[in-house]
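Notes to accompany the following structure.
Every number here is computed from the coordinates shown, using simple stated rules; none is lab data. Computed from a prediction, not measured in an experiment: that's the story for all the values here. Positions of Cβ are generated from backbone atoms using ideal geometry, with glycine treated the same way; all protein chains shown enter the neighbour counts.
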Amino acid sequence: MTAFSLEPAQLAWCAELRALAAERLHPLADKSEPGHVNRALVAELGSLGLLGRLFTSGALDLCLMRESLAYACTEAETALALQGLGAHPVHAYGTEAQRARWLPRVTAGTAIAAFALSEPGAGSDAAALELRAEADASRGGRSSDPSQGGRSSDPSQGGRFADTPSLTVAPDGPARWRLTGEKCWISNAPEADFYTVFARTTPDAGARGVTAFLVPADRPGLTGRGLDMLSPHPIGALDFDAVPVTAGDVLGEVDRGFRVAMGTLNLFRPSVGAFAVGMAQAALDATLAHTAGRDAFGAKLRDLQAVSHQVAEMALRTEAARLMVHAAASAYDADAPDVPRRSAMAKLLATETAQYVVDTAVQLHGARALQRGHLLEHLYREVRAPRIYEGASEVQRGIIAKELYARQEAR
């Protein structure tokens, strides 16, 4: 199989996923409370076996899932993607004990995962993160402040944390570090059941001094609050007040957590592009139907050259983005050496394309597309964020240029 064509079985699976998304997942998504985790929707993704495929399929299958779900139900696509993003580090870098504890629950849709990398001062520049993992004062697990204990979040913000009594020992053994600082713009926060958290274990070491930790949400000192964002899915901030973590909470190796982050993002960046392609295709199909049936200036809209050429451009860009996404995913599955560049290209082209296609679709539909509840009004709100998260478009351009110059210098 090449990166530029799909097998009949893959095409049939995509059609099945679109039907499932429309018939079984969309009704559950309609019952969502904006800004909160839809646990019923996540559980249904688990019962359909889709969450399990996050850990048994390759990058191309992940892209096919995300595009197909996004076409009919962006909420279901996002719920699936966030489970994968938060739990992939556990699957790929976790210990047997970590995997046994969390992955079956993630697969079943009964545990909510989150990926906690971004901070108020470290978004695009992820290596600048400041959440501190400081050595526990006694190395025996006793807090240097015996009054230290958990704090509850404001229940009006949807936090799931409860008041926690003062602990002298972290839940999974003696504390080795205490996490202090803040994470921000974290999807599924503050309602996730566990977080993949990236913290600085070695000061002033840039990307080399970061460690990844698996942090259950009930750890003392961990609190959170929801943020009122344009996106309909939950996004929040997390506060770490001397949160205890142990050697058994490390994902991968100490001071090598940036590899965990980048390894996860290299897998998920093409699939963010697939999400974007699914939205672009939905907007294109809606535009085809609208322009074929709408009368204006004595003809159908599609008969106006200015309109038909715009529709052709929408289709051209959508298909080009789809092919690049498939090529990047296939490169990842083949363990190709240029995965970072291809992943960045796919994410960049697809998300910028989706923004263009959805915006053009709104323009061709007119005011009706901005009415609350219209498909394009929904897509218009959804399509903006992918150009920022998991590396903004400007970051992707930087990655692409860096990889190109490195290859040129190696010749």
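Round to the nearest 10 and give me the degree value, 0 to 90, for the angle of helix 74-93's Cα axis relative to the longest principal axis of the chain. Helix 74-93 and the main axis of the chain meet at about 40 degrees. Over the C-alpha atoms of the range 72-138, the Rg to Rh ratio, Rh being the Kirkwood estimate, stands at 1.07. In terms of surrounding Cβ atoms within a 10 Å radius of their Cβ, F258, F55, F240 rank from fewest to most as F55, F258, F240.
Among Y389, Y195, the order by Cβ neighbours within 10 angstrom, fewest to most, reads Y389, Y195. Summarising the label geometry, the points placed 7 Å from Cα in the beta-carbon direction at R259 and D218 lie 3.3 nm from one another. Under the criterion of Cα pairs below 8 Å and six or more residues apart, the relative contact order for the chain equals 16 percent.
Less than 5 angstrom separates the built amide H of L54 from none of the residues sequence-distant by 5 or more or on a different chain.
Per the Debye calculation on the chain with a single equal scatterer at every Cα and no solvent contribution, log₁₀ I(q)/I(0) for q = 0.08 Å⁻¹ amounts to -0.44. Output the 0 to 90 degree angle, nearest 10, between the alpha-carbon long axis of helix 96-108 and the longest principal axis computed from the alpha carbons of the chain. Here the helix axis deviates by roughly 40 degrees.
Charged neighbours of G278, selected by a Cβ distance under 12 Å, balance to -1 (K, R count +1; D, E count -1). Rounded to whole numbers, the Karplus 3J(HN,Hα) couplings from phi for the range 18-28 are 4, 5, 4, 4, 6, 8, 10, 8, 4, x, 5 Hz, using 6.51 cos²θ - 1.76 cosθ + 1.60 with θ = phi - 60°, and x at Gly and Pro.
Remark on F194: its backbone amide H falls under 5 Å from those of I112, A114, A217, a criterion applied only to residues 5 or more positions apart or on other chains, H modelled at 1.01 Å from N. Electrostatic bookkeeping for H374 treats Lys and Arg as +1 and Asp and Glu as -1; over the other residues with beta carbon under 15 Å from its beta carbon, the sum is -1.
In terms of surrounding Cβ atoms within a 10 Å radius of their Cβ, V106, V383 rank from fewest to most as V383, V106.
Per-residue 3J(HN,Hα) values for the range 185-197, derived from phi via the Karplus relation 6.51 cos²θ - 1.76 cosθ + 1.60 with θ = phi - 60°, read 6, 9, 5, 6, 7, x, 9, 5, 8, 7, 10, 8, 10 Hz in sequence order (x marks Gly and Pro). Take the Cα of A100, step 7 Å along the line toward its Cβ, and report every residue of the range 198-220 whose backbone nitrogen sits under 20 Å from that point. Under 20 Å, as judged by backbone N against the label point of A100, lie 214-216 of the range 198-220. With 0.36 nm allotted per residue and the present C-alpha distance subtracted, the A128-L6 stretch has 39.9 nm of extension available. Over all other residues within a Cβ to Cβ distance under 11 Å of S32, the charged ones net out to -1, with Lys and Arg as +1 and Asp and Glu as -1. A Förster distance of 41 Å, applied to the separation of the beta-carbon atoms of E319 and A135, puts the FRET efficiency at 0.15. Counting only alpha carbon atoms, the long axis of helix 339-365 and the longest principal axis of the chain meet at about 50°.
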